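This report concerns only the one structure given below.
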There are 2 protein chains.
Amino acid sequence: MASRTDLGGAECPIARSLDDVGEWWSMLILRDAFDGYTRFDEFQRNLGIAPNMLTRRLRKLVDGGLLERRRYQARPPRHEYVLTTRGREFLPVLITLAGFGDRHVPADSRSIQLINRTSGEPVDAVLVDRRTGLPLDELDVGFAAGPGASAGMREHYALSSKD
Amino acid sequence: MASRTDLGGAECPIARSLDDVGEWWSMLILRDAFDGYTRFDEFQRNLGIAPNMLTRRLRKLVDGGLLERRRYQARPPRHEYVLTTRGREFLPVLITLAGFGDRHVPADSRSIQLINRTSGEPVDAVLVDRRTGLPLDELDVGFAAGPGASAGMREHYALSSKD
């Protein structure tokens, strides 16, 4: 944990995303939140996690702006955790993680599926280039230094030997 | 760590994906691998990580089938770590993580950008429904029990209150 800031590098958006979420299994809390769960005891039951760990992870997700803590009962005080707009922006990550996990599982054997909630139809999510519509797995794509890159980031990409 | 199997649930493809990768920061090793780095000392320098931690994470990524360990020098023995075909399938996760991190950063301020390596042009990655071509953020999408769901997984989705 101590080396996080070293590893993170606030400049890298992947590292920043990981830092916002906080911990590895926090992604499963987000999954549950997308699945419609909001309450501490629900997350605890679904995830089989110790209360103190769950408390810490929920707090981190609240601090990271992905969940909002709302009181839904005054006596005794009870809170629920709901996705913020920022939290909802995390869904593509969960979709691609699920796609990676199920990549070699036949569609009719999958335990979960992405659906269009309006129509109930399954949705086959694919990453494409917005401009051309071409699926990214048909292109040779990779990361490169962007317009706002520091000297260190430019060096990172200049030094690597991709070819 | 002890509660991983509880949390994981081999049935959930998101949990399986997290388990294949192993640890939180291992995603940054994969990022570096996509950026063209292959050698232990390169990962160590880029990530500022203790050698024993890096060794453990690389081993987990090899065990998970995402990296292949190859000897590139006999005396003294030196190994490099290269993405497997399975490892390359992880790129969409890194792309969506980067997209989440940079969502509110103007394009001209970004430190990294996705490019088409053939043309050198920037690529704007977007998740769409393969069948209709509609961007997922214009649809109300969510996860639901799939055809291969267990009774427990069906209950998970039946019990949640999405509306």
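In summary, A:Arg70 fulfils each of the numbered conditions (1) over 20 Å from B:Phe90 (Cβ atoms); (2) of a type outside the set (Val, Ile, Thr); (3) crowded, with 19+ Cβ neighbours inside 10 Å with the single exception of condition (3). Taking segment A:13-41 as the range and being over 25 Å from B:Met27 (Cα atoms) and open to solvent by less than 40 Å² (accessible area, probe 1.4 Å) as the test, the residues that pass are A:Gly36, A:Tyr37, A:Thr38.
Looking across segment B:130-163 at every residue that is acidic (Asp, Glu) and more than 7 Å from chain A (Cβ to nearest Cβ), the one that is most open to solvent (accessible area, probe 1.4 Å) is identified as B:Asp163. Applying the condition of being within 13 Å of B:Val21 (Cβ to Cβ) and free of Cβ contacts under 8 Å to residues at least 40 places away in the same chain to segment B:86-101 and asking which residue is nearest to the chain's Cα centre (by Cα) yields B:Glu89. Within segment B:72-129, the set of residues being at the interface with another protein chain (Cβ under 7 Å from one of its Cβ atoms) and of a type in the set (S, T, N, Q) comprises B:Thr96, B:Ser109, B:Ser111, B:Gln113, B:Asn116, B:Thr118. As a summary of the residue check, A:Glu80 satisfies the conditions (1) open to solvent by 40 Å² or more (accessible area, probe 1.4 Å); (2) among the acidic types (Asp, Glu); (3) not in a loop (DSSP other than H, G, I, E, B) except for the one numbered (1). Applying the set (1) under 19 Å from B:Ala98 (Cβ atoms); (2) open to solvent by less than 80 Å² (accessible area, probe 1.4 Å); (3) under 17 Å from the mean Cα position of the chain (by Cα) to A:Val62 leaves exactly one unmet item: (1). In the set (1) within 22 Å of the chain's Cα centre (by Cα); (2) within 12 Å of chain A (Cβ to nearest Cβ); (3) over 22 Å from A:Val123 (Cβ atoms), B:Glu68 fails one condition alone, (2). When segment B:85-117 is filtered for residues that are touching a Ser or Thr at 6+ places or on another chain (Cβ under 7 Å) and open to solvent by 20 Å² or more (accessible area, probe 1.4 Å), only B:Pro92 remains.
Which ones in segment B:53-101 are of a type in the set (Val, Ile, Thr) and either under 27 Å from A:Leu139 (Cβ atoms) or in contact with a His (Cβ under 9 Å, 6 or more places away or on another chain) (or both)?
B:Val82, B:Thr84, B:Thr85, B:Val93, B:Ile95, B:Thr96 - these are the residues of segment B:53-101 that are of a type in the set (Val, Ile, Thr) and either under 27 Å from A:Leu139 (Cβ atoms) or in contact with a His (Cβ under 9 Å, 6 or more places away or on another chain) (or both).
So that you can scan it fast, the table gives a plain yes or no per residue for (1) in contact (Cβ under 8 Å) with a residue 40 or more places away in the chain; (2) among the aliphatic types (A, V, I, L, M); (3) in contact with a helix residue (DSSP H, G or I) (Cβ under 6 Å, 6 or more places away or on another chain); (4) not in a helix (DSSP H, G or I):
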| site | (1), (2), (3), (4) |
| --- | --- |
| B:Asp20 | yes, no, no, no |
| B:Glu23 | no, no, yes, yes |
| B:Gly36 | no, no, no, yes |
| B:Glu42 | no, no, no, no |
| B:Arg57 | no, no, yes, no |
| B:Tyr72 | no, no, no, yes |
| B:Arg75 | no, no, no, yes |
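The values are calculated or read from the model by the stated rules, or taken from the named source; none is laboratory data. As the structure is a computational prediction, the values presented were derived from the model and not from experiment. Because the Cβ atoms are built from the backbone with ideal geometry, glycine has one as well, and the counts that use them run over all protein chains shown. With ligands, DNA and RNA removed, areas are computed over all heavy atoms of the protein, side chains included. Shrake-Rupley method; radii C 1.70, N 1.55, O 1.52, S 1.80 Å.
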